[in-house]
Amino acid sequence: CSRWEEKRKEGGVKWMQLEHRGPYFAPLYEPLPEDVRFYYDGKPLKLSLATEEIATFYAKMLNHEYTTKEIFQNNFFHDWRKEMTSEEQEIIKELDKCDFTEIHKYFVDQSEARKALSKEEKQKLKEEAEKIQEEYGYCILDGHREKIGNFKTEPPGLFRGRGKHPKMGMLKKRIMPEDVIINCSRDSKIPVPPEGHKWKEVRFDNTVTWLASWTENIQNTLKYIMLNPSSKLKGEKDWQKYEVARRLKDVVHKIRAQYRADWKSKDMKKRQRAVALYFIDKLALRAGYEKEEGETADTVGCCSLRVEHIQLHPELDGQEHVVEFDFLGKDSIRYYNKVSVEKPVFKNLRLFMKNKDASDDLFDQLTPTFLNKHLQHLMDGLTAKVFRTYNASITLQEQLKALTDPEDNVAGKLLSYNRANRAVAILCNHQRSVPKTFTKSMQVLQEKIDAKKKQIGEAQEELKKAEDEFEDTKDAKAEANIEKKKKLLKRLEEQLANLNVQATDREENKQIALGTSKLNYLDPRISVAWCKKFGIPIEKIYNKTQREKFAWAIDMAGEDFEF
């Protein structure tokens, strides 16, 4: 039995023994050298240490798009002024009069200097980091030495957020030992806080798997130090997650038949639930739960959609019954989609929107609790997220079947894999902004393609020469030369084809984030089986970290695994 199949514990107990060193705290602030100055209204101004530290956070980001956004600037300036001394507050009244360029240049130079270090110096830094990793990066869990995921606290800085987050630019405070709750076993060596400090609390709770936790000041959410994804505990949880999604496969046709029937229900609450479930199933929308107080980003999911978030078109672009969605989803990422839906769904939506204002709830009778109870009743362990996982994995499997040509070379097969992965990312609305380096790296690739074409032209001429020579001499040596030139030409043409495939792949991928679905929604056994079936090295699909996380799948799945 592999370690994935060892016996699991009963009654919510996750471990019997847990021992670790506690978090590794971000290094303290080092003041700027005397000759690196901050200027206000054209004059140098010496800042107090706390104010200077926050100024460096902004200075480091001067060349970033964030610092051009008004909301970022306002949040930063507001939080920065709160930390200033009263004298500084008297002087520093406008962000436009602040000049951070000398500080910015200092950090750019520092970063360049780090890049320019000798091999030996880089090796020394690497060894120091490894020493910290050895000391803080592992814990003992039930006799196994397990790797910890994120053993360092996040350094202070400015909150960035994704999409159009209303809190971007706010000050992320330094995490102190006094903020941290430690969790370990009673009889273990309890972690010692840094000198002169104490922990907020030490707990001995073996029903949870975290080692330490604290509340971050921006969203007031809890942050945890957890085990590394490659650990047995995490692997097991991951595996169970996909097993639940596979169970959905056996009942999904029944669930679909039921919500279709409910579209005509006399009970309005049931009707709304049935339409919402159709969206969760067909469009992989998130459920959208009630907000915590103080959560200011106006983001919604399926249950919390408002009338203003959808538009109905009886006909649009040659399709009937089109619903146009436009709202901010998780992480303030915009969801925009035009979908042709079934006629009863369209009619129901029209009914749900009747006599309502734009800001009214679309599903006014539906609460996430009511939806979840129903899902749980349909299948043990079923939630909206299970639908996302199921639909993502099944889409990948079907797309791989449809797109993979067994005759293709490795590059061709990988393009098919990425296209299948893209179909999933589009379904789940996993976007990214076009990478800053995109244009540059496409240029470099195009230059390679042009150079390769030139080589091919030369190789064609060489081959023609060789053929002419053979015509004249008819000797064996000239004949062998033709073969050699043909082989070279063929190799160059294959290389060109691979470069073209790469270019296509990058272009199609520039605004789509593949990583999220690969790590969280796709059963890794589908990919492992595909690799084994077509003789593709697993390294081409999963990097080292991902291979560690999915060790259980690489261990378990044969080439004929079906999700």
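The values are calculated or read from the model by the stated rules, or taken from the named source; none is laboratory data. From a predicted model like this one, the values you see are computed outputs, not experimental measurements. Glycine also receives a Cβ, built like all others from the backbone with ideal geometry; neighbour counts cover every protein chain displayed. Just the protein is used for accessible areas: all its heavy atoms, side chains included, with ligands, DNA and RNA removed. Shrake-Rupley method; radii C 1.70, N 1.55, O 1.52, S 1.80 Å.
Residues of the stretch 149-190 that are of a type in the set (S, T, N, Q) and assigned to a loop (DSSP other than H, G, I, E, B): N150, T153, S185, S188. Can you spot a residue in the stretch 380-392 that is within 24 Å of D267 (Cβ to Cβ), in contact (Cβ under 8 Å) with a residue 24 or more places away in the chain and in a helix (DSSP H, G or I)? Yes; the residues of the stretch 380-392 include at least one that is within 24 Å of D267 (Cβ to Cβ), in contact (Cβ under 8 Å) with a residue 24 or more places away in the chain and in a helix (DSSP H, G or I).
Please count how many residues of the stretch 83-97 are in contact with a Leu (Cβ under 9 Å, 6 or more places away or on another chain) and in contact (Cβ under 8 Å) with a residue 40 or more places away in the chain. Count: 4. Going through the stretch 492-520 one residue at a time, which ones are open to solvent by less than 70 Å² (accessible area, probe 1.4 Å) and outside any helix (DSSP H, G or I)? Within the stretch 492-520, K510, I512, A513, L514 meet the criteria. Taking the stretch 470-491 as the range and being part of a loop (DSSP other than H, G, I, E, B) and open to solvent by 100 Å² or more (accessible area, probe 1.4 Å) as the test, only K474 passes.
Have a look at E146, E127 and point out the one that is part of a helix (DSSP H, G or I), out of contact with any Gly (no Cβ under 9 Å at 6 or more places or on another chain) and not aliphatic (A, V, I, L, M). If you could, list the steps in order and put the result at the bottom.
Numbers: E146 fails: part of a helix (DSSP H, G or I).
Just a single option satisfies the conditions, and that option is E127.
Residue pairs, Cβ under 8 Å, 6 or more apart or interchain, first in the stretch 433-462 and over 30 Å from R334 (Cβ atoms), second open to solvent by less than 90 Å² (accessible area, probe 1.4 Å) and small (G, A, S). List them. Partner pairs satisfying both residue conditions: Q446/A503; I449/A503. K270 passes every criterion in (1) at pLDDT 90 or above; (2) in contact with a Leu (Cβ under 7 Å, 6 or more places away or on another chain) apart from (2).
Out of curiosity, is D505 among the acidic types (D, E) and over 20 Å from G412 (Cβ atoms)? If you could, list the steps in order and put the result at the bottom.
Values: among the acidic types (D, E): yes; over 20 Å from G412 (Cβ atoms): no.
In short, no.
Out of all the residues in the stretch 551-558, is one or more within 20 Å of D238 (Cα to Cα), of a type in the set (A, V, I, L, M, F, W, C), surrounded by fewer than 18 Cβ atoms within 10 Å (Cβ to Cβ) and more than 23 Å from the chain's Cα centre (by Cα)? The answer is yes; a qualifying residue exists. Within the stretch 40-81, being open to solvent by 40 Å² or more (accessible area, probe 1.4 Å), among the hydroxyl-bearing types (S, T, Y) and within 13 Å of D99 (Cα to Cα) holds for no residue. Scanning the stretch 12-44 for residues that are touching a Leu at 6+ places or on another chain (Cβ under 6 Å) and either of a type in the set (V, I, T) or more than 24 Å from I92 (Cβ to Cβ) (or both) yields a total of 3. Does A411 qualify as being surrounded by 16 or more Cβ atoms within 10 Å (Cβ to Cβ) and either farther than 14 Å from R286 by Cα or under 22 Å from the mean Cα position of the chain (by Cα) (or both)? Against the criterion (surrounded by 16 or more Cβ atoms within 10 Å (Cβ to Cβ) and either farther than 14 Å from R286 by Cα or under 22 Å from the mean Cα position of the chain (by Cα) (or both)), A411 qualifies.
Only one residue in V322, V275, V252, V300 is outside the structural domain of I181 (by the TED database) and either in a loop (DSSP other than H, G, I, E, B) or among the small types (G, A, S) (or both), so which one is that? Show your work before the answer.
Working: V322 fails: either in a loop (DSSP other than H, G, I, E, B) or among the small types (G, A, S) (or both); V275 fails: either in a loop (DSSP other than H, G, I, E, B) or among the small types (G, A, S) (or both); V252 fails: either in a loop (DSSP other than H, G, I, E, B) or among the small types (G, A, S) (or both).
Only one candidate qualifies: V300.
Would you check if there is a residue in the stretch 379-390 being open to solvent by less than 80 Å² (accessible area, probe 1.4 Å) and farther than 27 Å from G515 by Cα?
Step one: list which residues in the stretch 379-390 are open to solvent by less than 80 Å² (accessible area, probe 1.4 Å), which gives 379, 381-384, 386-390.
Still in the running and farther than 27 Å from G515 by Cα: 379.
Looking for residues that are open to solvent by less than 80 Å² (accessible area, probe 1.4 Å) and farther than 27 Å from G515 by Cα, one finds at least one in the stretch 379-390, hence yes.
In the stretch 184-210, which residues are over 23 Å from the mean Cα position of the chain (by Cα) and within 30 Å of H165 (Cβ to Cβ)? Outline the logic, then answer.
To start, the set of residues in the stretch 184-210 that are over 23 Å from the mean Cα position of the chain (by Cα) comprises 184-208.
Within the stretch 184-210, K200, V208 qualify.
Against the conditions (1) farther than 30 Å from E548 by Cβ; (2) open to solvent by 40 Å² or more (accessible area, probe 1.4 Å), K122 satisfies every one except (1).
Scan the stretch 207-216 and give yes if some residue there is in contact with a Lys or Arg (Cβ under 8 Å, 6 or more places away or on another chain), open to solvent by less than 60 Å² (accessible area, probe 1.4 Å), free of Cβ contacts under 8 Å to residues at least 40 places away in the same chain and outside the structural domain of P524 (by the TED database), otherwise no. The answer is yes, given that some residue of the stretch 207-216 is in contact with a Lys or Arg (Cβ under 8 Å, 6 or more places away or on another chain), open to solvent by less than 60 Å² (accessible area, probe 1.4 Å), free of Cβ contacts under 8 Å to residues at least 40 places away in the same chain and outside the structural domain of P524 (by the TED database). Apart from one condition, E562 fits all of (1) in a helix (DSSP H, G or I); (2) of a type in the set (D, E); (3) over 29 Å from G163 (Cβ atoms); the exception is (1). Would you call L233 within 29 Å of the chain's Cα centre (by Cα) and closer than 30 Å to E53 by Cβ? Judged against the criteria, L233 is not a match.
Within the stretch 53-73, the residues that satisfy the criterion of being of a type outside the set (A, V, I, L, M) and outside any helix (DSSP H, G or I) are N63, H64, K69.
Is it the case, given these coordinates, that K69 is of a type outside the set (A, V, I, L, M), touching a residue at least 24 places away in the same chain (Cβ under 8 Å) and out of contact with any helix residue (DSSP H, G or I) (no Cβ under 6 Å at 6 or more places or on another chain)?
On the way: of a type outside the set (A, V, I, L, M): yes; touching a residue at least 24 places away in the same chain (Cβ under 8 Å): yes; out of contact with any helix residue (DSSP H, G or I) (no Cβ under 6 Å at 6 or more places or on another chain): yes.
Answer is yes for this residue.
Inside the stretch 202-233, residues that are in a strand (DSSP E or B) and on the phi > 0 side of the Ramachandran plot make up a count of 0.
Residue by residue, here is whether (1) in contact with a Leu (Cβ under 9 Å, 6 or more places away or on another chain); (2) within 30 Å of V13 (Cα to Cα) holds:
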{"position": "E52", "(1), (2)": "yes, no"}
{"position": "A55", "(1), (2)": "yes, no"}
{"position": "H64", "(1), (2)": "no, no"}
{"position": "T153", "(1), (2)": "no, yes"}
